[in-house]
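Notes for the one structure printed next.
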Amino acid sequence: MAEDWAAVARVINERADALGLRQRELAERSQVSQAIVRELQLNTVERRRSARTLEALSVTLSLHPQHLDAVLNGRTPPLPDPVVSRLDSLERRVAEIATVLDGIQADLRAVLRNTGGE
């Protein structure tokens, strides 16, 4: 069976959209270069990728580590481990909370500067 890179692109794009991940974030979190992520998302270059690349992207997208490889090769992807999926969800929520707290901290610094408290 031929490799189906278009199917891999669809999965990556659908999951990234569902998770609210931009291309740059997906690249950073998976430690895959943004150029490779772009090639995969746009299906512009169909060439064999390392197992680590597809696994890293699968995990970052909260899928089973072998999900993208299964899609590529026309197999039914394995189901993700529910514990890992829940941990990924919690990790994303903690990151969102940290971003909000960073904003509050910056606002407090600005208030202190403007009131002479710093």
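Values quoted throughout were computed directly from the atomic coordinates according to the rules given, and no laboratory measurement underlies them. In this text, all values refer to a predicted model and were calculated from it rather than measured experimentally. Ideal geometry is used to build each Cβ from the backbone, glycine not excepted, and the neighbour counts take in all protein chains shown.
Structure data summary
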{"item": "For the chain, built as a Gaussian network whose Cα springs stay under 10 Å, the top-fluctuating residue of S30, S62, S89", "result": "S89"}
{"item": "Whether the range 17-69 is rounded, prolate or oblate, judged on the alpha carbon gyration tensor where a/c under 1.5 counts as rounded", "result": "oblate"}
{"item": "Length released on extending from I104 to E28, taking residue separation times 0.36 nm less the Cα-Cα span", "result": "24.9 nm"}
{"item": "Student exercise, the chain dipole from Lys, Arg, Asp, Glu Cβ charges, in Debye to nearest 20", "result": "140"}
{"item": "Burial ranking of peptide ranges 54-60, 20-26 (average Cβ count within 10 Å, highest at the top)", "result": "54-60, 20-26"}
{"item": "The range 66-99: trypsin sites (Lys or Arg not before Pro) in DSSP coil with no more than 12 other Cβ atoms inside 10 Å", "result": "R75"}
{"item": "Theoretical gain in end-to-end length, A95 to A35 [0.36 nm per residue, Cα-Cα removed]", "result": "19.1 nm"}
